[in-house]
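The values are calculated or read from the model by the stated rules, or taken from the named source; none is laboratory data. Because the structure is predicted, anything quoted here is derived from the model rather than measured. All Cβ positions, glycine included, derive from the backbone under ideal geometry; neighbour counts span all protein chains shown.
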Amino acid sequence: MSRFFKPLRVILALGCFALVNAVFIAPMIAAAMCAEETPQPVCAAAWQLWPAMVALNLPVIIVILAVTALMGRVYCSTLCPLGVYQDIWFRVRRLFTKRGVPYSPPMNLVRYWVFPLTVFAAVGGVMALPALVEPYSVYGRFVTDLVRPALQWAINLLAAWCDAHEKYWVMSDEIVIAGFLSFWVAAFSAVAIAALAACKGRWFCNAVCPVGTLLSVVAKRPLMKISIDASKCVKCGACVHVCKAACIDVQNASVDNSRCVRCFNCIGACRKGAVKL
């Protein structure tokens, strides 16, 4: 049964990623196609943890924390759009090297400072800091400030071609470009997080992200944990080569479940059946 965990996770992650992108892009597409009704896939945004915390959406908060206490940080590998964004770049890394991210000690000094500072800033109404580190805000800025202007430019080109051929299928619209600071913050964040993901896997999630820090506390001892059977483990390192969270200490046959983002890569990679959920 464990061989189905990764394919299921990938399907859920891609589906949620598409829905989150639709939140930002669907209204633009609908306007270009002269749709009478604008689709509103708000369900994807409703299940993001930080917005739920800000809105005091208790049902969503309770469900996410309960699932995390049961199975670990499934949220980080399926619902979080910034997590999927990082996984895409980690996958790009795999085109050049098959080595994963070797085990490293947790960055507790960093994450346990960033989390309270982010919470205090949000409570005090200073939303600039949360907007820089909270995953939904960070990814939303990527799409709004970088992807949407480029997509609108492509739509306008298509609309011009349609007009030239007297086919009025697509309507052009004004390209809205973010302010100078907002644009460069988005561009720098997109490049920096992509580079970190390609080189260090989920380092951002386990060192900076306040959502990751909160979930790591809940996931420290989940009811369903990933573990290594020392009697079966031959210390080949196959699990480490596919790990993106630097949480597998193969020498001591242990997994740091607080940092594991439940990608389930390690379960499929272990040919001895030593890694299991």
message = Quick check on this structure: which one of ALA269, ALA274, ALA186, ALA245 is surrounded by fewer than 20 Cβ atoms within 10 Å (Cβ to Cβ) and touching a helix residue (DSSP H, G or I) at 6+ places or on another chain (Cβ under 9 Å)?
response = ALA269
request  = Working only within region 147-188, note down all residues that are in contact with a Phe, Trp or Tyr (Cβ under 7 Å, 6 or more places away or on another chain) and part of a helix (DSSP H, G or I).
outcome  = ARG148, CYS162, ALA186
note = Subset of region 244-267, residues in contact (Cβ under 8 Å) with a residue 40 or more places away in the chain, of a type outside the set (A, V, I, L, M) and touching a strand residue (DSSP E or B) at 6+ places or on another chain (Cβ under 9 Å), comes to CYS247, ASP249, ASP256, ASN257, CYS260, CYS266
query = For the subset of region 239-268 comprising residues that are touching a Cys at 6+ places or on another chain (Cβ under 6 Å) and small (Gly, Ala, Ser), which member is farthest from ARG73 (Cα to Cα)?
reply = ALA253
key: Number of positions in region 119-145 that are within 26 Å of SER258 (Cβ to Cβ) and within 18 Å of the chain's Cα centre (by Cα)   = 10
query = For the subset of region 71-118 comprising residues that are modelled with pLDDT under 90 and charged (D, E, K, R), which member is nearest to the chain's Cα centre (by Cα)?
reply = ARG91
ask   = Would region 224-236 turn up any residue that is surrounded by 14 or more Cβ atoms within 10 Å (Cβ to Cβ) and under 20 Å from the mean Cα position of the chain (by Cα)?
value = no
